[in-house]
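This report refers to the structure that appears directly beneath it.
The values are calculated or read from the model by the stated rules, or taken from the named source; none is laboratory data. Treat the numbers as computed from the prediction; the structure is a model and nothing was measured. Cβ sites come from the backbone with ideal geometry, for glycine too, and all protein chains shown count toward neighbours.
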Amino acid sequence: MAAALLAAGALTALYLRVWGLGAIGLDATEAATAGEAGSLLGSGALAQLFPSARGEAQLFQLVLGGLFAVFGAHDIVARLLVAAIGVVTALATYAVARSMWGAREATLAALLLALMPYHVIASRAVGPEVLAALWVTLSLAAVARFASTERGPWVTVGAVCLGLALLTDASSIAYVPVFFLFVSHRRWTSISRGTLVGAFAIVGSFGFVLPLAYGLSGQGPLWAGSIVRALLGSGRPWYLQLGEVVPAFGLTVLLGAVGTAVLARRRRTWREVLLGLWIVVPSALLLAWPDRTFADLAGIAPPLAVLAARALAELPRLVGRELAPTTEMAVSAVGLGVLAISTAILLGMAPNIAGSAHVPGIIGGRDTARWIGEHVPPGAALLTTDRAFAGVLEFYAQRETLGLTSSAPLATSDDRPNENPDLLIRQSALQYIVWDTYSAEAFPGEADRLLAYAERYNAREIYRFEGERLTAGERTTFPITIVYEVRP
Amino acid sequence: MPAAVRLALVLLVTTLAAVVLLAPPEASPADAQAARPPRTPIEHFIVLMQQNHSFDNYFGSYPGADGVPRDTCVPIAPDRADSECVRPFRLGMSPARDLPHDAAAFRAQFRDGQMNGFVAAALQPGSTVHPTMGHYDGEDIPYYWNVADNFVLFDRFFQSSTGGSFANHMFWMAGTSAGLDAVPPRGVPANIPTIFDRLSQAGVSWKVYVEDYDPSVTYRTLASAPPNRRAQVSWVPLLAIDRFLDDPVLNGRIVDLSEYFADLERGSLPNVAYVVPASSSEHPPGSIAAGQSLVRNLVTTLMRSRYWETAAFAWTYDSAGGWYDHVAPPEVDRDGYGFRVPALLVSAYAREGVVDHTELDFTSFLRFIEENWDLQPLATRDARANSIREALDFTVPPRSPVFLSSTRRETVTRSSYLPTYLLYGGAVVAAGVLTALSLRRATRVEPASA
């Protein structure tokens, strides 16, 4: 029964993660990651257009680049990889819960993660965070196994997984303190000094690979710059991060986690402590980390699911009275159903809220870029408002694109001065202008400059991608992207 | 017959005879026949003449071309057996000097085919710098190298004359220098036909586009023209030929370069266009970047126009400019050849990424024009010259335009990422081994019930 439920959970997880996966093209962040992956493995035009490194950990990019080399640099390849990782994470969540409690909790935990809106959305977006979250979850499973068996080799396995997480996403360093805090705490575990030192050496060695690889490739300053950016940069505000991520965990998971926390006040074991630490410490560190992304907290989703699963399994204790098995099952089914509906609503709404943090992809970007790829001569150069949107065009159109927010080409932005778009147009070195509504909203000044170039240089509209919206009860169309040809 | 009438008749006959004898038969557009269709799909041929760079100076290190031999070292004093020698070196962004490049300099460099006088010919007393051996590469002239990668680079293209600019521009337009190496004070003799005369006679449209064109500067006003404007006549010998100055139709076809872009835009590009740069000619110490930018603009604008599929665009350099070139030029007549110069061809029909080894000179462009529009040769040289025709392949459909970058994109080699591959790969393998060993140990010691 448990195996069948687990299989059903895995299938559900897969379905939710691949449903309509190719409907919207990559957004700017995804395109940058996918472009880097293609460039790193020398994948055709991507190698010319995207930097092979951006100062970040590159294990995910290497895996993706390898897939690109085999299947071609298609967005769906990247998305399917992340979706598959999401499904495997659900199975890893099963392993975590199984190490702590029984098959029932484990199955429920896997199902909760499979249906959790936050994790579904995170594992539909191309980025390293979900793979890092898988490694972190496997590390958690190993620590749980160590705590339950007190066998040192599990700490080694946990350290290896944590090391791989660091090679995937440097922000996984937020899990390192809680790992060592827990395994070295004598109240909960007993570990030999040798094992502890060994684990520390493993994590340290893996962590050292990142700067070493950059240093030996002659790109040390790039890595140093990324550290400075990560520490001093400005990402999404922490309150926005909390405001968007916490609701996306889903009502069932949140209530369940709170329920288990309430139960733990009465009787606390290493299990609740480990899960609690694994959620609270990294969350605090990652919220303090200035360079935040929506998927940063993917690593705390599995322990939250395990806590919630425990609450569902311990429902009688939680409500303080015996419940009929059918009632317990019904409550679990309702809880899972609420999650599933939340996720389905989010995914169903996707076309209307694209561009927000919730839904990966950007409407119109891929269509426009593909049109450009088919109709604009190879070697043509494009100018757009924002460098981020330029990345989307470069990934799909495979044409060099400058962004007014940083007019240097993406592939060379770190070592080339900004170009003068006006001069480039006059020299026929820049032949097309691409306006888009997303960048225009974010950077109205640059968008106005872009249109001023279009007006000055005899722009001729050659393509338009339109969206529809309801205005005063009427369905109206509006431009999402416009491609102009300009001539000096 | 009264004496006055007889005198008038004599004058009339003499004048008519002079007109018949001196004027080229096809000089007047009034004689133009109906436009003659081209023999190939090339309905528009544009040719540009830049200035003063040798083949080795620009493409001596280009893969697949007849470039500078590895062991090249040119003696400072070629007459002395123990002379020190100078090896080729990359100029990069170093400022370039205007080196001696007239007929006398050619003889000193050529040294009867020994090709070892380049350093000595440009030697300046007290100077230890030997710029003549300097050269550029793909990082310095990326657009030109990108063009070579995608279209045709000629590596046996010689300047027609060992002389200076005027003689070579004469060969370019008339197939002969007429023995002239500078603008003659009385102008070029009227009986020297040019390719434009032939084109006019055949009803084939033409124009000469001149950068920074000043119509007031001709051979007649040379003495009073500003010094920095006088070279315009050397570069456009038509401005030293009376009929091209006096006939408003002919004169009207010599226009400013801005008209090239206007003609492409409004659909009035002539069948044959000569382009003469001024400030963007790359003549040292002028900026090669400016020249490259001009060429890119001309080519890209052509590619974006309605003419791409029916046009060919070629450019070359009027002189090697005193820069070293290792190939001894063949002696075809008393004028030349001079040293090799770079030459490239861009067209929808141009062979892709080909280094063409055909022996060519400036009159090869004339030969192509003459073949394409069925015109009579102008002189012995163009009648015997090889055409650039073989660089075009009309058996395949026209290629789509490709806008080439002004940066050199070297092929990305995976070896540069070797540390990344090795370290990450090693880490993953180590992770696998460590995990496998740890799991074995953990499973072995773990009670079965756990």
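Evaluate region A:239-250: report whether one residue or more is hydrophobic (A, V, I, L, M, F, W, C), within 20 Å of A:ALA106 (Cβ to Cβ), under 17 Å from the mean Cα position of the chain (by Cα) and surrounded by 17 or more Cβ atoms within 10 Å (Cβ to Cβ). First the steps, then the outcome.
The initial filter retains those residues of region A:239-250 that are hydrophobic (A, V, I, L, M, F, W, C), namely A:240, A:242, A:245-246, A:248-249.
Remaining after also requiring within 20 Å of A:ALA106 (Cβ to Cβ): A:249.
If we keep only those that are under 17 Å from the mean Cα position of the chain (by Cα) too, we end up with A:249.
From the residues that got through so far, the ones that are surrounded by 17 or more Cβ atoms within 10 Å (Cβ to Cβ) too are A:249.
Scanning region A:239-250 turns up at least one residue that is hydrophobic (A, V, I, L, M, F, W, C), within 20 Å of A:ALA106 (Cβ to Cβ), under 17 Å from the mean Cα position of the chain (by Cα) and surrounded by 17 or more Cβ atoms within 10 Å (Cβ to Cβ).
Filter region B:235-249 down to residues that are touching a helix residue (DSSP H, G or I) at 6+ places or on another chain (Cβ under 8 Å), assigned to a helix (DSSP H, G or I) and more than 18 Å from B:THR176 (Cβ to Cβ), then give me how many there are. Write out each step before concluding.
Initially, region B:235-249 is screened for residues touching a helix residue (DSSP H, G or I) at 6+ places or on another chain (Cβ under 8 Å), giving B:235-240, B:243-245, B:247, B:249.
Now drop any that are not assigned to a helix (DSSP H, G or I), which leaves B:235, B:237-240, B:243-245, B:249.
Retained after the next criterion (residues that are more than 18 Å from B:THR176 (Cβ to Cβ)): B:245, B:249.
Residues meeting the conditions: 2.
Select from region A:377-397 the residues that are within 14 Å of chain B (Cβ to nearest Cβ) and crowded, with 21+ Cβ neighbours inside 10 Å and write down the one among them that is nearest to the chain's Cα centre (by Cα).
A:GLU394
The conditions are (1) crowded, with 16+ Cβ neighbours inside 10 Å; (2) modelled with pLDDT under 90, and A:LEU423 fails exactly one of them. Which is it?
So the condition that A:LEU423 fails would be (1).
Give region B:133-163 a look and list any residue that's out of contact with any Gly (no Cβ under 6 Å at 6 or more places or on another chain) and among the β-branched types (Val, Ile, Thr), or say none.
Hits for region B:133-163 are B:ILE141, B:VAL147, B:VAL152.
Given the criterion among the basic types (Lys, Arg), over 16 Å from A:PHE50 (Cβ atoms) and modelled with pLDDT of 85 or more, identify the matching residue among A:ARG487, A:ARG469, A:ARG464, A:ARG399. Spell out how you get there, then give the answer.
Working: A:ARG487 fails: modelled with pLDDT of 85 or more; A:ARG469 fails: modelled with pLDDT of 85 or more; A:ARG399 fails: over 16 Å from A:PHE50 (Cβ atoms).
Answer to the check: A:ARG464.
In this structure, is A:LEU312 at pLDDT below 80 and either surrounded by fewer than 24 Cβ atoms within 10 Å (Cβ to Cβ) or assigned to a helix (DSSP H, G or I) (or both)?
On the way: at pLDDT below 80: no; either surrounded by fewer than 24 Cβ atoms within 10 Å (Cβ to Cβ) or assigned to a helix (DSSP H, G or I) (or both): yes.
Taking the combined requirement at face value, the residue does not satisfy it.
Any idea how many residues of region B:87-104 are modelled with pLDDT under 90 and not in a loop (DSSP other than H, G, I, E, B)? Break it down into steps so the answer makes sense when it comes.
Quick first cut of region B:87-104, residues modelled with pLDDT under 90 only: B:91-104.
With not in a loop (DSSP other than H, G, I, E, B) added as a condition, the list becomes B:103-104.
Number satisfying all stated conditions: 2.
I want to confirm something. Restricting to region A:174-193 and keeping residues that are without any contact (Cβ under 8 Å) to a residue 24 or more places away in the chain and in a helix (DSSP H, G or I), which single residue is nearest to A:SER139 (Cα to Cα)?
Checked region A:174-193; the qualifying residue nearest to A:SER139 (Cα to Cα) is A:PHE180.
Considering only region A:429-488, how many residues are among the charged types (D, E, K, R) and within 14 Å of chain B (Cβ to nearest Cβ)? Can you show your working first?
Filtering region A:429-488 down to residues among the charged types (D, E, K, R) leaves A:436, A:441, A:446, A:448-449, A:455-456, A:460-461, A:464, A:466, A:468-469, A:474-475, A:485, A:487.
Keeping just the survivors that are within 14 Å of chain B (Cβ to nearest Cβ) gives A:460, A:485, A:487.
Matching residues across region A:429-488 total 3.
Which residue is surrounded by the fewest Cβ atoms within 10 Å (Cβ to Cβ), if the candidates are limited to region B:265-297 and must be touching a strand residue (DSSP E or B) at 6+ places or on another chain (Cβ under 7 Å) and farther than 25 Å from B:GLY164 by Cα?
Selected residue: B:PRO270.
Just the residues that are under 21 Å from the mean Cα position of the chain (by Cα), touching a residue at least 40 places away in the same chain (Cβ under 8 Å) and more than 14 Å from every other protein chain (Cβ to nearest Cβ), please, taken from region B:386-410. First the steps, then the outcome.
Just the residues of region B:386-410 that are under 21 Å from the mean Cα position of the chain (by Cα), to begin with: B:386-393, B:401-408.
Okay, now just the ones that are also touching a residue at least 40 places away in the same chain (Cβ under 8 Å), so B:388-389, B:391-393, B:401-408.
If the condition is that a residue be under 21 Å from the mean Cα position of the chain (by Cα), touching a residue at least 40 places away in the same chain (Cβ under 8 Å) and more than 14 Å from every other protein chain (Cβ to nearest Cβ), then B:ILE388, B:ARG389, B:ALA391, B:LEU392, B:ASP393 are the ones that fit.
Identify, from the list A:SER52, A:SER39, the residue that is of a type in the set (Ser, Thr, Tyr), at negative phi and free of Cβ contacts under 8 Å to residues at least 60 places away in the same chain.
Working: A:SER39 fails: free of Cβ contacts under 8 Å to residues at least 60 places away in the same chain.
Being of a type in the set (Ser, Thr, Tyr), at negative phi and free of Cβ contacts under 8 Å to residues at least 60 places away in the same chain holds for just one of A:SER52, A:SER39, which is A:SER52.
Is there any pair linking a residue in region A:447-460 that is free of Cβ contacts under 8 Å to residues at least 40 places away in the same chain to one that is surrounded by 13 or more Cβ atoms within 10 Å (Cβ to Cβ) and among the basic types (Lys, Arg), with Cβ under 9 Å and at least six apart or on different chains, and which?
A:TYR457/A:ARG426; A:TYR457/A:ARG487; A:ASN458/A:ARG487; A:ALA459/A:ARG487; A:ARG460/A:ARG487
List the number of the failed condition for A:THR168; all other conditions in (1) β-branched (Val, Ile, Thr); (2) more than 26 Å from A:LEU347 (Cβ to Cβ); (3) within 11 Å of chain B (Cβ to nearest Cβ) hold.
Result: A:THR168 passes all but (2).
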